[in-house]
1. Does any residue of the range 344-362 turn out to be among the aliphatic types (A, V, I, L, M) and within 23 Å of ASP198 (Cα to Cα)?
2. Residue check, GLY145 against (1) open to solvent by less than 50 Å² (accessible area, probe 1.4 Å); (2) out of contact with any helix residue (DSSP H, G or I) (no Cβ under 8 Å at 6 or more places or on another chain); (3) modelled with pLDDT of 90 or more, all met but one. Which one?
3. Among the candidates VAL226, VAL144, single out the residue that is part of a helix (DSSP H, G or I) and either free of Cβ contacts under 8 Å to residues at least 12 places away in the same chain or farther than 30 Å from VAL295 by Cα (or both).
4. Please enumerate the residues belonging to the range 37-63 that are touching a residue at least 40 places away in the same chain (Cβ under 8 Å) and in contact with a Leu (Cβ under 6 Å, 6 or more places away or on another chain).
5. When the range 158-179 is examined, which residues are found to be part of a helix (DSSP H, G or I), surrounded by 16 or more Cβ atoms within 10 Å (Cβ to Cβ) and touching a residue at least 24 places away in the same chain (Cβ under 8 Å)?
6. If I ask for residues that are within 20 Å of ASP279 (Cβ to Cβ), open to solvent by less than 40 Å² (accessible area, probe 1.4 Å) and either part of a loop (DSSP other than H, G, I, E, B) or among the β-branched types (Val, Ile, Thr) (or both), which ones from the range 5-32 would you list?
7. Of all residues in the range 91-132 being surrounded by fewer than 20 Cβ atoms within 10 Å (Cβ to Cβ) and at pLDDT below 90, which is farthest from VAL382 (Cα to Cα)?
8. Are any residues in the range 110-140 touching an Asp or Glu at 6+ places or on another chain (Cβ under 9 Å) and either free of Cβ contacts under 8 Å to residues at least 60 places away in the same chain or at positive phi (or both), and if so, which ones?
Amino acid sequence: MSSASVDYIAPWWTYWLHQFPHVNLRFQPLDHTFKPQDENYQQSLIFLGCVAAAGLGVNLLCLAIYLSCLCCCRRDEEEEESKKSNSCCVTWTAVAAGLICCVAVGVGFYGNSETNDGVYQLTYSLYNANHTLAGVDSLVTGTVGGMQSGLNEHLSRLGEIFATRGDFVQTLQFMQQMSENIMKQLLGLPDWEKAKVDLAAIADQTAYVEYYRWLTYLLILILDLVICLAACLGLAKQSRWLLTTMMVCGVLTLILSWASLGADVATAVGTSDFCVAPDKFLMNQTKDVISSDIVHYYLYCSQTLPNPFQQSLTVFQRSLTTMQIQIQGLLQFAVPLFPTAERDLLSIQHLLNNSEASLHQLTALLDCRGLNKDYLDALIGVCYDGVEGLLYLALFSLLAACAFSVMLCAIPRAWRQIANRDRDYDDIDDGDPFNPQTRRMMSHHSEQGNMHSFCSYSSSMGSQTSLHPPTQTVTNAPPNQSALFGGNPRYENVPLIGRGSPPPSYSPTMRATYLSMTEDQIRHFGGDFRA
């Protein structure tokens, strides 16, 4: 390579990706040359996607084994310290998954932007090159059309006017030869029309595909972030339905991450194969349309390379100069003799002046510097920004797969803890005063319960003392609260307020009557005193 090797050097990551194994679906090694139309080369890129699919299978298998072990190896009873350690483990696992997911989304946004910038630079360069080639084609078509129609028409009329002067007719014939020589040189230029259509079609198709690729990745990034935040919310609120929904979404996102990883790697490898030797591919693609000397001239644009259009442009310039000299002579010597010929001679002179302006524009457009700049800009956009963005997108897919794998491991443990908590609440005695539900119910009925218990107790004790005289004497010793509350020692020090028991302050007669109750009476009237 010549000067292009100084202006464009393939980045190191393209060489690294270029070294990836290229194997078709029959496991036959292939050449690493970029050949997108070759079926075996296409299969080698599909094989890379199959490797990602195999990674997805291994990932799902590991998750299935983990969940199976978690379900089959459940302990019936766990100590409090074990529960605390499991809760801490779930918390830190969720935090790690959330951090990895946030990092993955950040990397994904950067990679998506870089890839979009690279593709935009490619399409912009293609449109610029297409505009240059369209300008060349327009100038050639306009000049040849003017020579064929306008110049020949004026020369025919002048031939009729100068019919009596052989020297003037000979001058017109010489100008006709110069005109044909110019058209021959212009028609000898490459047919840019086909190249122009190809460039425009490639640019349009590339822009169309890139738009939907960018939009798809944007939606995937937003979806990953929403699922991650929703999963963290479900873990914080300990919501079963939210965790179940996020687990299903996590599995689908895991599959999507591995699929995007395979697509990113395959695209990056294929693009790197092109970036390592782009000139070779372009020369093979244009060998049936444009001469290899012309393609080589535009690809490398070296001052040491000869301009393949120089000879044609030189002949064009000399022919125009000769024709302008002839027209000046006819205007000077023929117009005084044939005044009617002045109009046609001035029209030819105007046509030649326009052709000279077109020649200067054509010379500028055919210069290699414009198209070579577009070519290098396109390569830099694809091979630097584009491939780099694909690598970041592949890293995003890999990090997202790891994050959701960790999350899928944490959610079942959180579900198990929620189930254990609910089971522990179900095991609490409804009569336990420390049960939150019982305490709420008792506080709601405490006022009415106290009044009803006291009144029913007083009326009942009046009738009972009339039939059964008390057998115990009044003492100042404190009552046996363990016996009063059903023999349950855990109620000994529980305050009486809010339990439907007698009020804490009452008269000595009521106290003596209350302490004189027998065990049978306590069991009989216990419902009025107990919670």
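The values are calculated or read from the model by the stated rules, or taken from the named source; none is laboratory data. Source: prediction; values computed, not measured. Methodologically, a virtual Cβ is constructed for each residue, glycine included, from the backbone with ideal geometry; neighbour enumeration extends over all protein chains shown. These accessible areas exclude ligands, DNA and RNA; they are computed on the full protein's heavy atoms, side chains included. Shrake-Rupley method; radii C 1.70, N 1.55, O 1.52, S 1.80 Å.
1. Within the range 344-362 (the criterion being among the aliphatic types (A, V, I, L, M) and within 23 Å of ASP198 (Cα to Cα)), the answer is yes, since at least one residue qualifies.
2. It is condition (3) that GLY145 fails.
3. Every option except VAL226 fails the conditions.
4. Matches in the range 37-63: ALA52, LEU63.
5. Hits for the range 158-179 are LEU158, ILE161, PHE168, THR171, MET175, GLN176, MET178, SER179.
6. TYR8, ALA10, PRO11, THR14, listed by residue number.
7. Ranking the candidates gives THR91 first.
8. Passing the criteria: only ASP137.
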